[in-house]
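*Asks:* Have a look at this one.
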Amino acid sequence: MAEQVAIDRIRCDGHGICAELLPEMISLDDWGYPIIKPSPIPLRLIEHAQRAVEACPVLALRMTRVSKAA
Amino acid sequence: MSMLSGGPHPALPQRGREIDGGLRGDALVRELERANLLGRGGAGFPVARKWRTVKANGNGRAVVLANGAEGEPLSRKDRTLMVERPHLVIDGALLAADAVRASDIIFYVGNEHRAAVSAMRRALAERHERAAQRARLVEAPAGYISGEESAAVHYINAGDARPTVTPPRPFERGIDGRPTLVQNVESLAAAALHASGALNGTALFTTSGAVRRSGVYELPPDVAPEAVVDLAGGLAKDVQAVLIGGYFGSWASAEEVWSLTLDSNSLRARGLTLGCGVLYFLPADSCGVDATARIMSYLAGQSARQCGPCVFGLGAIATATRRLAERAPQAEDLARLARWSGLLAGRGACKHPDGATGLLRSALEVFADDFVAHQQRRCITRRALPDHSRVLAEAVA
Ligand SMILES: Cc1cc2nc3c(=O)[nH]c(=O)nc-3n(C[C@H](O)[C@H](O)[C@H](O)COP(=O)(O)O)c2cc1C
Ligand code: SF4
Ligand code: SF4
């Protein structure tokens, strides 16, 4: 099992804090909304990811478990 | 037996149950799997697989939601089916409810399709089965998004026809929190015909554009597009491209279309989909950039305005495509469209951005020369019309 960042697109209002805290996995599009890499989070970034999840002002992010095969 | 009497002319509606006896329950699910019946609402998902999942999740308290919203602007087949064969749709819903062990059935019918709403209401009143008497008809609000499955569930649960975040998908948690089978009305009618052993695998198509008689036609799978054109009275004009599958589908060039067969597998192999069976024939003297701009404006306007990438991304795409169509683009419009067309899929709560950008990508391919010309403020198909920049360019050459 690996972990990924999942986003609630309806909640997200493009604050962009997540991209600042986890630039390895999250970039922003032309309108400031996050583009999340589909790959599992590398172990060394898990803590950063957790911090980004906690920092989102509208609680749009969470960690999800994915099977590595997926 | 087929779904329609053939052609756009209404048959005499039946007065009661059409499918009596035949396959039910798991045997029917196995038959639908063997026949590889795919959903006709747009996404083409295997019907048998969905029934199995809902049955497994449902524990006898699942719900069947027959989707007759038909928000797709170029489609007429669902409302035609509901008007001509309401009992067949009901038969399909009853068989589905039996197979997935659902205790409730809801018919979700587009409120603008008045004839379909009354035909379904009348037919329901004529039925004596308990499940049919318990069934409800809910009128779906107008609009493209109302027919999306989570929007339908949300509307019925809470009066709000905007999609919700998934998971949970409706087959996990839908109407009143119960596992819900959302199935297009044509898929249900086809399942009923499979149960009776009567379906020869036909599907409904809505044709419009350069054909002489726009309308809904029923055809066997594997037919060539010429067969559809023949039924529709032939071509009134030359065709340059065909929109296959509606606003959720793709453009295909005329040369490509005439070499196709209209079944899901061969279409899929070409990166196309039958979607909801729409075939729009773009006349040779119409501009593909302009046609695409109209569709993009419509789709951007239909966004449920909940998700940033959909609201702003589709909005920006519609504006840039419109500028190109008007031959008044900004310097980077075409390059931006190409980039944005790959940027939005999977980034909305529902698949609206995926459908819209899929259509845009096909347009950028099929009308590639036209888009380049428009970026240079020219139009290939409308060169007969006054085009001042071209006249000017030739005058100074
Ligand atoms: C934006 C959007 C609009 C949709 N509108 C309809 C619709 O009007 N009617 C319909 O049957 N399915 C519609 N769908 C597809 C449904 O979400 C769902 O997949 C379908 O009803 C399932 O039935 P099927 O498997 O029999 O096709 C729409 C999907 C999207 C993303
Ligand atoms: S921090 Fe939250 S609201 Fe801001 S862009 Fe990221 S997910 Fe969206
Ligand atoms: S993707 Fe667009 S249409 Fe779908 S829920 Fe989000 S805003 Fe609404």
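The values are calculated or read from the model by the stated rules, or taken from the named source; none is laboratory data. The structure displayed is predicted, hence computed values, not measured ones. All Cβ positions, glycine included, derive from the backbone under ideal geometry; neighbour counts span all protein chains shown. We work out accessible area using only protein heavy atoms, side chains counted, and drop any ligands, DNA or RNA first. Shrake-Rupley method; radii C 1.70, N 1.55, O 1.52, S 1.80 Å.
*Asks:* Any idea which of B:I145, B:I175 is within 14 Å of chain A (Cβ to nearest Cβ) and hydrophobic (A, V, I, L, M, F, W, C)? Please lay out each step first, then the result.
*Replies:* On the way: B:I175 fails: within 14 Å of chain A (Cβ to nearest Cβ).
Of B:I145, B:I175, the one residue that is within 14 Å of chain A (Cβ to nearest Cβ) and hydrophobic (A, V, I, L, M, F, W, C) is B:I145.
*Asks:* Consider B:C276 against the criteria (1) within 16 Å of ligand 3 (Cβ to nearest atom); (2) of a type outside the set (G, A, S); (3) in contact (Cβ under 8 Å) with a residue 12 or more places away in the chain: it satisfies all of them except one. Which criterion is unmet?
*Replies:* Checking B:C276 against (1) within 16 Å of ligand 3 (Cβ to nearest atom); (2) of a type outside the set (G, A, S); (3) in contact (Cβ under 8 Å) with a residue 12 or more places away in the chain, the one that fails is (1).
*Asks:* Okay, moving on. Open to solvent by 10 Å² or more (accessible area, probe 1.4 Å), over 28 Å from B:G301 (Cβ atoms) and among the acidic types (D, E): does that describe B:E139? Steps first, answer last, please.
*Replies:* Numbers: open to solvent by 10 Å² or more (accessible area, probe 1.4 Å): yes; over 28 Å from B:G301 (Cβ atoms): no; among the acidic types (D, E): yes.
Here the answer is no, as B:E139 does not meet what is asked.
*Asks:* Select from the range B:358-374 the residues that are under 24 Å from B:A331 (Cβ atoms), surrounded by fewer than 23 Cβ atoms within 10 Å (Cβ to Cβ) and touching a helix residue (DSSP H, G or I) at 6+ places or on another chain (Cβ under 9 Å) and list them in ascending order.
*Replies:* B:R361, B:L364, B:V372, B:A373
*Asks:* May I pose another question? Of the residues B:A99, B:A27, B:A43, which single one is modelled with pLDDT under 95 and out of contact with any strand residue (DSSP E or B) (no Cβ under 6 Å at 6 or more places or on another chain)?
*Replies:* Values: B:A99 fails: modelled with pLDDT under 95; B:A27 fails: modelled with pLDDT under 95.
Just one listed residue meets the conditions, B:A43.
*Asks:* What's the number of the only condition in (1) at pLDDT below 95; (2) among the aliphatic types (A, V, I, L, M); (3) open to solvent by 50 Å² or more (accessible area, probe 1.4 Å) that B:A125 fails to meet?
*Replies:* The number of the failed condition is (1).
*Asks:* Consider A:A52 carefully, then state whether it is more than 23 Å from B:T164 (Cα to Cα), more than 14 Å from chain B (Cβ to nearest Cβ) and either hydroxyl-bearing (S, T, Y) or within 9 Å of ligand 2 (Cβ to nearest atom) (or both).
*Replies:* Numbers: more than 23 Å from B:T164 (Cα to Cα): yes; more than 14 Å from chain B (Cβ to nearest Cβ): yes; either hydroxyl-bearing (S, T, Y) or within 9 Å of ligand 2 (Cβ to nearest atom) (or both): yes.
It is true that A:A52 is more than 23 Å from B:T164 (Cα to Cα), more than 14 Å from chain B (Cβ to nearest Cβ) and either hydroxyl-bearing (S, T, Y) or within 9 Å of ligand 2 (Cβ to nearest atom) (or both).
*Asks:* For the condition touching a residue at least 12 places away in the same chain (Cβ under 8 Å), under 22 Å from B:C310 (Cα atoms) and more than 14 Å from chain A (Cβ to nearest Cβ), what is the one hit in B:V138, B:V165, B:V153, B:V185?
*Replies:* On the way: B:V138 fails: under 22 Å from B:C310 (Cα atoms); B:V165 fails: more than 14 Å from chain A (Cβ to nearest Cβ); B:V185 fails: under 22 Å from B:C310 (Cα atoms).
Among B:V138, B:V165, B:V153, B:V185, only B:V153 is touching a residue at least 12 places away in the same chain (Cβ under 8 Å), under 22 Å from B:C310 (Cα atoms) and more than 14 Å from chain A (Cβ to nearest Cβ).
*Asks:* Is it the case, given these coordinates, that B:S208 is in contact with a Gly (Cβ under 9 Å, 6 or more places away or on another chain) and either under 22 Å from B:V278 (Cα atoms) or assigned to a helix (DSSP H, G or I) (or both)? Reasoning before the result, please.
*Replies:* Details: in contact with a Gly (Cβ under 9 Å, 6 or more places away or on another chain): yes; either under 22 Å from B:V278 (Cα atoms) or assigned to a helix (DSSP H, G or I) (or both): yes.
Here the answer is yes, as B:S208 does meet what is asked.
*Asks:* Taking the condition of being away from ligand 3 (no atom under 16 Å from the Cβ) and aliphatic (A, V, I, L, M), how many residues in the range A:1-38 meet it? Before the answer, list the steps.
*Replies:* Applying the first criterion (away from ligand 3 (no atom under 16 Å from the Cβ)) to the range A:1-38 yields A:1-5, A:15-28, A:30, A:37-38.
Applying the additional criterion that residues be aliphatic (A, V, I, L, M) yields A:1-2, A:5, A:17, A:19, A:21-22, A:25-26, A:28.
Residues that pass the stated criteria total 10.
*Asks:* Of the numbered conditions (1) away from ligand 2 (no atom under 16 Å from the Cβ); (2) part of a loop (DSSP other than H, G, I, E, B); (3) within 14 Å of another protein chain (Cβ to nearest Cβ), B:L260 fails exactly one; give the number of that condition.
*Replies:* With (1) away from ligand 2 (no atom under 16 Å from the Cβ); (2) part of a loop (DSSP other than H, G, I, E, B); (3) within 14 Å of another protein chain (Cβ to nearest Cβ) applied to B:L260, the lone miss is (3).
*Asks:* List the helices (runs of 4 or more DSSP H) that sit entirely inside the range B:264-376 and contain at least 3 residues that are farther than 24 Å from B:R162 by Cβ and more than 14 Å from chain A (Cβ to nearest Cβ). So that I can check it myself, show each step before the final result.
*Replies:* On the way: elements: B:264-269, B:288-302, B:315-325, B:333-340, B:352-366, B:368-375.
Here the list reads B:264-269, B:288-302, B:315-325, B:352-366, B:368-375.
*Asks:* So, one more: Which of the residues spanning the range A:14-49 are closer than 28 Å to B:G315 by Cα and either of a type in the set (G, A, S) or within 16 Å of ligand 1 (Cβ to nearest atom) (or both)?
*Replies:* A:G14, A:G16, A:A19, A:S27, A:G32
Here is a yes/no grid of residues against (1) within 16 Å of ligand 2 (Cβ to nearest atom); (2) more than 28 Å from B:A349 (Cβ to Cβ):
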| residue | (1), (2) |
| --- | --- |
| B:V109 | no, no |
| B:H113 | no, no |
| B:M120 | no, yes |
| B:R127 | no, yes |
| B:R134 | no, yes |
| B:H154 | no, no |
| B:G159 | no, no |
| B:V165 | yes, no |
| B:P170 | no, no |
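*Asks:* Still on this structure, I have one more. Which one is farthest from ligand 3 (Cβ to nearest atom) among residues in the range B:35-71 that are buried (at least 24 other Cβ atoms within 10 Å of the Cβ) and among the charged types (D, E, K, R)?
*Replies:* Ranking the candidates gives B:R40 first.
*Asks:* Among B:A115, B:A96, which is the only one that is away from every other protein chain (no Cβ under 14 Å) and away from ligand 1 (no atom under 16 Å from the Cβ)? Let's see the steps before the verdict.
*Replies:* Numbers: B:A96 fails: away from ligand 1 (no atom under 16 Å from the Cβ).
One residue alone meets the criteria, B:A115.
*Asks:* Right, another one. Which one of these does B:F107 not meet: (1) touching a Lys or Arg at 6+ places or on another chain (Cβ under 8 Å); (2) buried (at least 23 other Cβ atoms within 10 Å of the Cβ); (3) not in a strand (DSSP E or B)?
*Replies:* Looking at each condition in turn, B:F107 falls short on (3).
*Asks:* Please find, among B:E255, B:E226, the residue that is open to solvent by 50 Å² or more (accessible area, probe 1.4 Å), more than 21 Å from B:A190 (Cα to Cα) and in contact with a helix residue (DSSP H, G or I) (Cβ under 8 Å, 6 or more places away or on another chain).
*Replies:* Numbers: B:E255 fails: in contact with a helix residue (DSSP H, G or I) (Cβ under 8 Å, 6 or more places away or on another chain).
Only one candidate passes the filter, namely B:E226.
*Asks:* Given the structure, is B:T292 open to solvent by less than 30 Å² (accessible area, probe 1.4 Å) and hydroxyl-bearing (S, T, Y)?
*Replies:* Details: open to solvent by less than 30 Å² (accessible area, probe 1.4 Å): yes; hydroxyl-bearing (S, T, Y): yes.
Criteria met by B:T292.
*Asks:* Among the numbered criteria (1) buried (at least 24 other Cβ atoms within 10 Å of the Cβ); (2) within 16 Å of ligand 3 (Cβ to nearest atom), which one does B:Y144 miss?
*Replies:* (1)
*Asks:* Moving to a separate point now. If a residue has to be open to solvent by 70 Å² or more (accessible area, probe 1.4 Å) and in a loop (DSSP other than H, G, I, E, B) to count, how many in the range A:1-60 make the cut?
*Replies:* Final tally of qualifying residues: 11.
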